[in-house]
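Throughout, read-outs are computed from the coordinates displayed, never taken from laboratory work. Keep in mind the model is a prediction, meaning the values are calculated, not measured. When we count neighbours, we look across all protein chains shown, and the Cβ atoms used for this are built from the backbone with ideal geometry, even at glycine.
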Amino acid sequence: MLVEERRWMTAEEFNAQLGLCQFLPGPNVVNLAVVVGKRYCGLAGAIIAPVGLLAGPFAIVLLLALLYDRYGSLPLAQSMLRGIAAVGCGLLFAMAWRMGSAIKDKPFFLPFTALTVAAIAGLRWPMPIVMVAGLVLSGGVAYWKLGRK
């Protein structure tokens, strides 16, 4: 939107700013809002841009929390939440399917995927432990495979 629609910056400028925002701690989009706000409106823009970015979603989540607090125990609300949970599971499955189809021609990744799913879903290991174990295991295998060449 900043580059193609509004033409506020070139693609090169955007990439440079995004690179900076990825380096800084915090969400990239919020960091980018601060940088772009500062660029065009100074300190006020650096403050207002992330507030404008986050105010709408914050208000929606707050409203939903208030509605849940008041009506969450009703059977209709419970049914709606079960339906929303099913949609969330479907979206997650669709994303996993899309990501999996991107690596389908690389069977090397299949054992790591299977081990990760087994550790999280089957063994109920905490995510940080699975991530560190996966890093060590995949790094070791990569080092072994690259060392053989």
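A few remarks follow.
- Label-point separation, Cys89 to Met9 (7 Å along Cα→Cβ), nm: 4.2 nm
- Per residue, the average separation of C-alpha pairs within less than 8 Å and at least 6 apart gives the chain a relative contact order of 7 percent.
- Over segment 1-71, Cα pairs under 8 Å with separation of 6+ residues give a relative contact order of 15 percent.
- Dipole magnitude of segment 1-71 about its Cα centre (Cβ charges: Lys, Arg +1; Asp, Glu -1), debye to nearest 20: 180 debye
- The eigenvalues of the Cα gyration tensor, multiplied by 5 and square-rooted, give the chain an equivalent ellipsoid with semi-axes of 36, 31, 15 Å from largest to smallest.
- Computed about the Cα centre, the dipole magnitude for segment 1-131 is approximately 240 debye when only Lys and Arg (+1) and Asp and Glu (-1) carry charge, each at its Cβ.
- The modelled label-to-label distance between Val132 and Leu76, using points 7 Å beyond Cα along the C-beta direction, is 4.9 nm.
- Distance from segment 93-149 to segment 59-73 (C-alpha centre basis), Å: 38 Å
- Farthest positive-ward along the chain dipole, Cα basis, beta-carbon charges - from Pro27, Ala119, Leu92: Ala119
- For the chain, with +1 on Lys and Arg beta carbons and -1 on Asp and Glu, the positive-most of Gly140, Tyr71, Ser101 along the dipole: Gly140
- Helix-only CD estimate at 222 nm, as mean residue ellipticity for the chain, using -39500 (n - 2.57) per DSSP H run (n ≥ 4): -27000 deg cm²/dmol
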